[in-house]
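Where a number appears in this text, it was derived from the coordinates with a stated rule and is not lab data. In this text the structure is predicted, and so the values were computed from the model without any measurement. Neighbour counts are summed over all protein chains in view; Cβ atoms, including those assigned to glycine, are modelled from backbone coordinates with ideal geometry.
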Amino acid sequence: MLRFHLLAVGIGWAGGALTGRSGAGEDAFVATYLRVVSSERAVDVASTDRHTVKPWFAGRIDYSPPVHDLTSAGFPLEGGRIDVVAGRKVSVLVYRRNQHRIALSLWPASGANTTANVIQRDGFVLVDWRHGGFEMHAVSDLAPSEMTAFATALDRAIDSDR
């Protein structure tokens, strides 16, 4: 049943993308999310231990992403993977909230921190923001309030490392 739901949502998303009713950047992040949730192997490195996941990225991408297990906030880390967004290899961290997954794509960025911008489109919730020197884009099928809570929990974890 879950695969049928994903197929139906994916078809709806593709229809929106093909008719021009969505942003190209948003499409790339939704595609990353769809690869995570529809794959037999959602992550390339499966672990809730940040000391396993973070070093796995070394040599695969040209930066070290902030990796945090957010279990205490209700978002346990599943692991990580590499994806390509706009022609660039980026880190993707996969989190879980109950039976839902969150795909967080992130890479280094300059500039001040920004507040999480939450939008809902075609059954997906997309959040983008900048924090701690990283550009972040998260996608899931969770409620907007839960995605805001996820972004807040991640920001707090990043800040606690400083």
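Express in nm, to one decimal, how much length is gained between ARG88 and THR152 on full extension, taking 0.36 nm for each residue of separation and deducting their alpha carbon distance.
Extending this stretch completely gives an extra 20.4 nm.
With a ≥ b ≥ c taken as the square roots of the eigenvalues of the C-alpha gyration tensor of the stretch 27-89, please select rounded if a/c is under 1.5 and otherwise prolate if a/b is larger than b/c or oblate if it is not? All intermediate terms of the calculation are to be shown ahead of the outcome.
Numbers: a/c = 1.78, a/b = 1.19, b/c = 1.50.
Here the stretch 27-89 falls in the oblate category.
To test your reading of the geometry: what angle, between 0 and 90 degrees and rounded to tens, separates the Cα axis of helix 2-18 from the longest principal axis of the chain?
That works out to roughly 80 degrees.
Nearest 10 degrees, 0 to 90: what angle lies between the long axis of helix 24-38 and the longest principal axis of the chain (Cα atoms)?
90 degrees
Can you give the Kirkwood hydrodynamic radius of the stretch 31-162 from its Cα pairs, in Å with one decimal?
Values: mean 1/r = 0.0685 Å⁻¹.
It works out to 14.6 Å.
Mind checking the dipole of the chain: about its Cα centre, +1 per Lys or Arg Cβ, -1 per Asp or Glu Cβ, Debye to the nearest 20?
Details: 17 positive and 17 negative charges, 39 e Å.
Roughly 180 debye for the chain.
Can you give me the distance in nm between label points at ARG41 and HIS100, each placed 7 Å from the Cα along the Cα-to-Cβ direction?
Distance between label points: 2.8 nm.
What FRET efficiency do you get for ASP27 and ALA112 if R0 is 22 Å and r is their Cβ-Cβ distance, rounded to the nearest 0.05?
0.25
Compare the peptides 128-135, 102-109 by average per-residue count of other Cβ atoms within 10 angstrom and give them in order, highest first.
Working: 128-135: 17.6, 102-109: 20.9.
Ranked from most to least packed, the peptides come out as 102-109, 128-135.
Name the residue farthest towards the positive end of the dipole of the chain from the options VAL36, ALA157, SER110, assuming +1 on Cβ of Lys and Arg, -1 on Cβ of Asp and Glu, about the Cα centre.
VAL36
Calculate how steeply helix 144-160 sits against the longest principal axis of the alpha-carbon atoms of the chain, using the helix alpha-carbon long axis, and give the answer as 0 to 90 degrees to the nearest 10.
Roughly 20 degrees between the two axes.
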